[in-house]
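What follows is a single structure, written as structure tokens, with notes after it.
The values are calculated or read from the model by the stated rules, or taken from the named source; none is laboratory data. Given the structure is predicted, the values throughout are model-derived calculations rather than measurements. Counting neighbours? That spans all protein chains shown, and the Cβs are built from the backbone with ideal geometry, glycine included. We work out accessible area using only protein heavy atoms, side chains counted, and drop any ligands, DNA or RNA first. Shrake-Rupley method; radii C 1.70, N 1.55, O 1.52, S 1.80 Å.
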Amino acid sequence: MPIARNQLAKLAQSTAPATVAAALILATLGTAAPASAATPVGDSARALPGTHPAWATPQADAGAADASASATARIYLAGRDTSGLAALAKAVSDPGSASYGRYLSSDQVRAQFGATPEQVKAVTDWVTGAGLDVSARTDHYLQVSGSTAAMARAFGTGFRNYRTADGTHRAPASDAKVPAAVAGSVLAVSGLADAIHKNSSDATSVREAEQRANAASRLAAPDKKAPATLPEVPTCSEDGYGSKTAKGAPDGYEKNEPFAPCSYVPAQLRKAYGVSDAKVTGKGARVAVIDAYGLSTMEQDANHYSSLHGDQPFKPGQYTEYVTPDKWTHQDECGGPEGWAGEEALDVEMVHGLAPDAQVVYVGGNSCYDDDLYDAMAKVVDEHLADVVSNSWGEIMHGTGGDIDPAVVAADNQIFQLGAVTGIGFTFSSGDCGDSSPGAAATGANCQTDTNQAQADWPSASPWVTSVGGTALQLGDKSGKYGDEVSMGDLRSVLSADQKSWSPFPGKFYFGGGGGVSKDFAQPWYQQGVVSDDVAKTAADGTKSATPLRATPDIAMSGDLVAATLVGYTDGGAYSEGGYGGTSVSAPETAAMFANAIQARGGRALGFANPALYDRAGTNAFHDVNDDANHGKRGNVVDLGVVSGTLRVRLYKIGADYGLSANRGYDTATGLGSPGKNFFKSFTLKK
């Protein structure tokens, strides 16, 4: 995956399940500088907590930063009424409110909540008076640049160099300050330390090269033979879970383990989740997909994929994209456009596949860095490009290198609230590392290794987004009807050299849906009465709280690597297909389901969906995913294909997430559950 503040959740495979996507990386980048001193901005100045990072300790101090070195920062504007914005976002999203669904236009939002010209001038005068230049300006922020000495004058703190595991980096010697005269106009400031949070795309899996080779390997027999009674080519269960037994394989968690199901295509998912029976297609709704960069063949690939699998390609004008290749940056750090191509294809094809008549808008960030992905989200909101936004990236909030930048949290939440008041809802994948703990990261293939505690990921943990977890979907029969689901979580073993046992056995944690209770946010109003105090008062890391906290995920859909989803795109000049798994499959699926719900509502925007979802808790609008009540089928023999001439055979135990499990009612593996048979009917407006 490209490196960015968040990570995507998917893995590639062939028609049998695949391997996982790359780990999310919280990186510290930048060049060390030499020294400068601060000019205080006054005793009444407002401090900005978190701008002095935890890694900038006295023990790591390497001396003053160079006063003449260049520096940049982004000053996010608070606007007219931050508390009023939050209150209105709640009111228009709450079905119990008289203001429910009474959204504002983008122009109305700017007039009511945007920064005033006077605020912008005051902030501009402050930074330019300190010797900084305003290098970019939007409705949401001012980008400033200048010398380290000027930055010190503006923010009332010196800058020093600090030794870290990634080299020497510059950071404020104490929390930055904002002068009292402009404190009310400033929401947050990012970029004062040269440690960068970056996003990672699961399309650039650590195993992607192997996975893509697997897809090609189906065209040829392996050089080395598999066990006598096992197939000599990659094999999967064509007619639903357990329809083909891996005869000749050693006993696993049960005798006669089945081959994993063949990768699902959209028609199967539509059937399983009630889209076909409800006769909804997302008509009248718009879904935006946000990733980094852009795949030049995206529309062509999506149309080819649809045609190959019995679906209709995009109609003229149904697909739109906003990409600016001349402005792309940080391609080496982010894996470049090719590193995000698989993720983009997955997201676009899942939205179109499950909501085939919805308008699809792709917005590519100019890099995987926080700032550029923020800009992509702001573009969707400011120009009202969509009703639903699908995002398949995330990051840990607490790591050995320090905590997430508070400015990222504040700025993102403001954008989510602005979206809510205009009728735009955001979905985010919850991650692929179970509870994101060090234990999960020790063996998990899609984990951020610098985690220092169990935790819910960001932005999934935001109270203003729909956090999407993952499941392993089992089709009931050859017709494709819904069978069952367990939580997305896999233990993996490999066939021993003598082909008589699995090693290790039981398997080690390999991949699992994210979730957990976040100690960083209070319980939002819509979870009250649904998420029990037993769950909500204990954070993922075991911290006890006197008051309930935000629990994730909110909803879940198919995403497991052993019940993967087929994706196709042009890679290296040739179109090919492979299976993908992860909550970055689940997030665009859920966005498509929301588009279908909009159609069921007669075209009325759903907006921020969580309050409406929790209103339906415990009803047949959801499948209550319960690992303890599943069919007892917990193991799969998975043939990942021929790699270097050898047939690889692996055993996965499913429904085995790390630190999380699905049980009756709300749970931190699958939230409220997956969309049930009356999901769309529950949104149909009464005449």
### Message
Take the residues in region 174-189 that are among the aliphatic types (A, V, I, L, M) and over 17 Å from P406 (Cβ atoms); name whichever of them is most open to solvent (accessible area, probe 1.4 Å).
### Response
A181
### Message
Among the residues of region 474-486, are any in contact (Cβ under 8 Å) with a residue 60 or more places away in the chain and within 26 Å of D291 (Cα to Cα)?
### Response
no
### Query
Can we say T245 is β-branched (V, I, T) and closer than 17 Å to L475 by Cα?
yes
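If I ask for residues that are part of a loop (DSSP other than H, G, I, E, B) and either under 17 Å from the mean Cα position of the chain (by Cα) or at pLDDT 95 or above (or both), which ones from region 457-480 would you list?
Within region 457-480, D457, P459, S460, A461, S462, P463, W464, V465 qualify.
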### Query
Among the residues of region 291-299, is any outside any loop (DSSP other than H, G, I, E, B) and either β-branched (V, I, T) or in contact with a Gly (Cβ under 8 Å, 6 or more places away or on another chain) (or both)?
yes
### Task
Could you please find all residues in region 374-394 being within 21 Å of Y293 (Cβ to Cβ) and either in a loop (DSSP other than H, G, I, E, B) or out of contact with any helix residue (DSSP H, G or I) (no Cβ under 9 Å at 6 or more places or on another chain) (or both)?
D375, A376, K379, E383, L385, A386, S392, W393, G394
### Summary
Every listed condition ((1) small (G, A, S); (2) under 18 Å from the mean Cα position of the chain (by Cα); (3) open to solvent by less than 10 Å² (accessible area, probe 1.4 Å); (4) closer than 25 Å to A91 by Cα) holds for A410 save (3)
### Query
What tally of residues in region 75-97 results from selecting those that are surrounded by 14 or more Cβ atoms within 10 Å (Cβ to Cβ) and in contact (Cβ under 8 Å) with a residue 24 or more places away in the chain?
15
### Message
Y253 - would you say it is modelled with pLDDT under 95 and open to solvent by less than 30 Å² (accessible area, probe 1.4 Å)?
### Response
no
#### Entry: Single residue of A454, A420, A442 found to be in a helix (DSSP H, G or I) and open to solvent by 10 Å² or more (accessible area, probe 1.4 Å)
A442
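Right, S174: hydroxyl-bearing (S, T, Y), within 21 Å of V381 (Cβ to Cβ) and within 33 Å of the chain's Cα centre (by Cα) or not? Before the answer, list the steps.
Values: hydroxyl-bearing (S, T, Y): yes; within 21 Å of V381 (Cβ to Cβ): no; within 33 Å of the chain's Cα centre (by Cα): yes.
When the stated conditions are applied, S174 does not pass them.
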### Message
Based on this model, can you work out whether T72 counts as open to solvent by 20 Å² or more (accessible area, probe 1.4 Å) and either closer than 28 Å to D194 by Cβ or free of Cβ contacts under 8 Å to residues at least 60 places away in the same chain (or both)?
### Response
yes
### Message
Can you confirm whether V361 is in a strand (DSSP E or B) and of a type outside the set (K, R)?
### Response
yes
### Hey, V486 surrounded by fewer than 24 Cβ atoms within 10 Å (Cβ to Cβ) and either more than 30 Å from S93 (Cβ to Cβ) or aromatic (F, W, Y) (or both) or not
no
## Note on the structure
When region 301-355 is checked residue by residue, the ones that are open to solvent by 10 Å² or more (accessible area, probe 1.4 Å), under 13 Å from L566 (Cβ atoms) and either of a type in the set (A, V, I, L, M, F, W, C) or within 20 Å of the chain's Cα centre (by Cα) (or both) are L308
### Message
Just to be sure before I move on: is P459 free of Cβ contacts under 8 Å to residues at least 12 places away in the same chain, touching a Ser or Thr at 6+ places or on another chain (Cβ under 9 Å) and either open to solvent by 50 Å² or more (accessible area, probe 1.4 Å) or not aliphatic (A, V, I, L, M) (or both) in the structure I sent?
### Response
no
### Message
Which of the numbered conditions does Y526 fail, given that it passes all the others? Conditions: (1) under 16 Å from V638 (Cβ atoms); (2) in a helix (DSSP H, G or I); (3) of a type in the set (S, T, Y).
### Response
(1)
### Message
Show the residue pairs meeting these rules: Cβ distance below 7 Å; 6+ apart or different chains; first residue within region 531-551 and of a type in the set (V, I, T); second residue open to solvent by 40 Å² or more (accessible area, probe 1.4 Å) and part of a strand (DSSP E or B).
### Response
T538/K544; T543/K519; T547/A522
### Query
Among the numbered criteria (1) buried (at least 21 other Cβ atoms within 10 Å of the Cβ); (2) within 15 Å of G353 (Cβ to Cβ); (3) among the aliphatic types (A, V, I, L, M), which single criterion is violated by A260?
(2)
### Task
Scan region 59-75 and give yes if some residue there is within 30 Å of G579 (Cβ to Cβ) and either modelled with pLDDT of 95 or more or not aromatic (F, W, Y) (or both), otherwise no.
no
### Query
Only one of (1) crowded, with 24+ Cβ neighbours inside 10 Å; (2) out of contact with any Leu (no Cβ under 9 Å at 6 or more places or on another chain) is not met by C433, so which one is it?
(2)
